[in-house]
Amino acid sequence: MINVGDSWQPVSLDNSYGSMVVVATVVLPNQSTLPVVTRVRNASGSSFELRVQSTTGAAAANYDVHYMVVEEGVYTVANDGVKMEAVKANSAVTAENNNWAFEARSYQQSYSSPIVVGQVMTDNDADWSVFWASAPTSRTTPPLSSGFAAGKNVGEDPDNTR
């Protein structure tokens with residue numbers, strides 16, 4: 001866990017990664033806290049940069065952020081002690097409150113009750129967006145063992161071009 005504000009903060013890691021995958025989530029201490037999303041950029045080697053960004057454009061205070069970093073790839077219990085996969089994907093569409101556009105994705109191994117987490121790992125656009133995942137057939141159903149849908153979402157931001 002790290003305490004992060006709305007300025008880019010370098011995060012140094014103990015290990016170096018050839019193809020780093022970062023997932024970060026902010027801890028909102030209560031319901032009245034300003035809503036923010038985590039932003040990641042320059043993830044390579046043994047570091048990345050992290051900040052929080054308000055969804056309203058207001059200046060954000062510091063927040064505790066949990067993060068996980070792994071090498072992109074497929075992991076098995078036999079070889080790695082855990083069954084999971086870490087994948088980078090380019091998203092060509094942006095979802096928003098009136099258009100839940102998504103891209104169908106598949107797993108590289110089988111899962112009975114998958115949990116899908118993700119992160120927008122670029123700063124290609126100064127405006128915020130956030131990762132989301134669901135079943136490929138319904139945005140209100142969690143990912144299925146047969147596959148999932150994923151993408152970036154901008155909620156009710158009237159500027160939904162990313």
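List pairs: first residue in region 102-123 and without any contact (Cβ under 8 Å) to a residue 60 or more places away in the chain, second residue hydroxyl-bearing (Ser, Thr, Tyr) and assigned to a loop (DSSP other than H, G, I, E, B) anywhere in the structure, Cβ distance under 8 angstrom, at least six positions apart or on different chains.
103/91; 109/76; 110/145; 111/145; 112/145; 113/145; 114/107; 114/145
With respect to residue 60, determine if the residue is in a loop (DSSP other than H, G, I, E, B), in contact (Cβ under 8 Å) with a residue 60 or more places away in the chain and open to solvent by less than 70 Å² (accessible area, probe 1.4 Å).
Values: in a loop (DSSP other than H, G, I, E, B): yes; in contact (Cβ under 8 Å) with a residue 60 or more places away in the chain: no; open to solvent by less than 70 Å² (accessible area, probe 1.4 Å): yes.
No, not satisfied.
Among the candidates 117, 26, 65, 40, single out the residue that is open to solvent by 80 Å² or more (accessible area, probe 1.4 Å), of a type in the set (Val, Ile, Thr) and under 16 Å from the mean Cα position of the chain (by Cα).
Working: 26 fails: open to solvent by 80 Å² or more (accessible area, probe 1.4 Å); 65 fails: open to solvent by 80 Å² or more (accessible area, probe 1.4 Å); 40 fails: open to solvent by 80 Å² or more (accessible area, probe 1.4 Å).
Checking each option against the conditions leaves just 117.
If I filter region 125-162 down to residues being crowded, with 17+ Cβ neighbours inside 10 Å and among the basic types (Lys, Arg), which single residue comes out as farthest from residue 112 (Cα to Cα)?
Looking at residues that are crowded, with 17+ Cβ neighbours inside 10 Å and among the basic types (Lys, Arg), I get 162.
Just for region 1-23: of the residues that are of a type in the set (A, V, I, L, M) and surrounded by 13 or more Cβ atoms within 10 Å (Cβ to Cβ), which one is nearest to the chain's Cα centre (by Cα)? So that I can check it myself, show each step before the final result.
Kept after step one, since they are of a type in the set (A, V, I, L, M), are these residues of region 1-23: 1-2, 4, 11, 13, 20-23.
Then keep just the ones that are surrounded by 13 or more Cβ atoms within 10 Å (Cβ to Cβ); that gives 2, 4, 11, 13, 20-23.
On the way: 2: 16, 4: 16, 11: 16, 13: 18, 20: 13, 21: 9, 22: 7, 23: 5 Å.
Top of the filtered list is 23.
I'm checking my understanding of the structure. Among residues of region 85-102 that are closer than 22 Å to residue 19 by Cβ and surrounded by 16 or more Cβ atoms within 10 Å (Cβ to Cβ), which one is farthest from the chain's Cα centre (by Cα)? Steps first, please.
Residues of region 85-102 closer than 22 Å to residue 19 by Cβ: 85-92.
Still in the running and surrounded by 16 or more Cβ atoms within 10 Å (Cβ to Cβ): 85-86, 91.
Details: 85: 14, 86: 12, 91: 12 Å.
Result: 85.
Tell me the strands (runs of 3 or more DSSP E) entirely within region 67-162 that contain at least 1 residues that are closer than 22 Å to residue 35 by Cβ. First the steps, then the outcome.
Values: elements: 73-75, 84-86, 103-105, 130-134, 148-153.
Where strands (runs of 3 or more DSSP E) fall fully within region 67-162 and carry at least 1 residues being closer than 22 Å to residue 35 by Cβ, they are 130-134, 148-153.
When only residues in region 68-84 that are exposed (fewer than 12 other Cβ atoms within 10 Å of the Cβ) and of a type in the set (Gly, Ala, Ser) count, which is nearest to residue 5 (Cα to Cα)?
Checking each candidate, the answer is 81.
Residue check: is residue 47 assigned to a strand (DSSP E or B), open to solvent by 60 Å² or more (accessible area, probe 1.4 Å) and either without any contact (Cβ under 8 Å) to a residue 60 or more places away in the chain or not polar (S, T, N, Q) (or both)? Can you show your working first?
On the way: assigned to a strand (DSSP E or B): yes; open to solvent by 60 Å² or more (accessible area, probe 1.4 Å): no; either without any contact (Cβ under 8 Å) to a residue 60 or more places away in the chain or not polar (S, T, N, Q) (or both): yes.
Here the answer is no, as residue 47 does not meet what is asked.
Find the residue count for region 147-162, including only residues that are of a type outside the set (A, V, I, L, M) and without any contact (Cβ under 8 Å) to a residue 60 or more places away in the chain.
Residues flagged as of a type outside the set (A, V, I, L, M) and without any contact (Cβ under 8 Å) to a residue 60 or more places away in the chain within region 147-162 amount to 5.
Is it the case, given these coordinates, that residue 32 is open to solvent by less than 60 Å² (accessible area, probe 1.4 Å) and among the polar types (S, T, N, Q)?
On the way: open to solvent by less than 60 Å² (accessible area, probe 1.4 Å): no; among the polar types (S, T, N, Q): yes.
Criteria not met by residue 32.
So that you can scan it fast, the table gives a plain yes or no per residue for (1) at pLDDT 95 or above; (2) not aliphatic (A, V, I, L, M):
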| position | (1), (2) |
| --- | --- |
| 65 | yes, no |
| 73 | yes, yes |
| 76 | yes, yes |
| 81 | yes, yes |
| 87 | yes, no |
| 95 | no, no |
| 99 | no, yes |
| 102 | no, yes |
| 115 | yes, no |
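The values are calculated or read from the model by the stated rules, or taken from the named source; none is laboratory data. Bear in mind the structure is a predicted one, so any value in this text is a computation, not a measurement. Note that each Cβ is placed from the backbone with ideal geometry, even for glycine, and that neighbours are counted across all protein chains shown. In case anyone asks, the SASA skips ligands and DNA or RNA and just uses the protein heavy atoms, side chains included. Shrake-Rupley method; radii C 1.70, N 1.55, O 1.52, S 1.80 Å.
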